[in-house]
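Coordinate-derived values only; no laboratory data. Every value quoted in this text rests on a predicted model; they were computed, and no experiment measured them. Note that each Cβ is placed from the backbone with ideal geometry, even for glycine, and that neighbours are counted across all protein chains shown.
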Amino acid sequence: MNETFPILSALILLPLAGGVLLMLIPRRKALFIKVFALILTLGEFALSLPLFLQFNEENRPDAVRRAAAVVPGIGISYLLA
């Protein structure tokens, strides 16, 4: 997998950020909310395509993995697998 772009983190943060932005839009703009939600959904789908297309059946457990030390001094880390 391409390690230059944190795709797993983006797949988690895109809907989270989009949901927060959607909460800030006034309810009377229903059409804009629906279009924005559709764009977010399509973006999420587009981000997930490389994972599907590059998945390797042979090394399934470590096919996609994202790890980072958040606070190494006390052992706090971030792991997506």
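How far is helix 30-53 tilted, in degrees, relative to the longest principal axis of the Cα atoms in the chain, given as a value from 0 to 90 rounded to the nearest 10? Taking the Cα atoms of the chain, the angle to 30-53 is about 20 degrees.
Label separation (Thr4 vs Leu38): 3.3 nm, computed from points 7 Å beyond Cα along the C-beta direction. Relative to the longest principal axis of the Cα atoms of the chain, the long axis of helix 7-23 makes an angle of roughly 20 degrees. Of the GluC sites (Glu not before Pro) found in the chain, the ones in coil according to DSSP and having at most 10 other Cβ atoms within 10 Å of their Cβ are Glu3, Glu57, Glu58. Anisotropy class assigned to the stretch 7-80 is oblate, per the alpha carbon gyration tensor with a/c at or over the 1.5 cut-off and a/b no larger than b/c. When the helices of the chain are scored as -39500 (n - 2.57) per DSSP H run of n ≥ 4 and the total is divided over every residue, the value at 222 nm lands at -17500 deg cm²/dmol.
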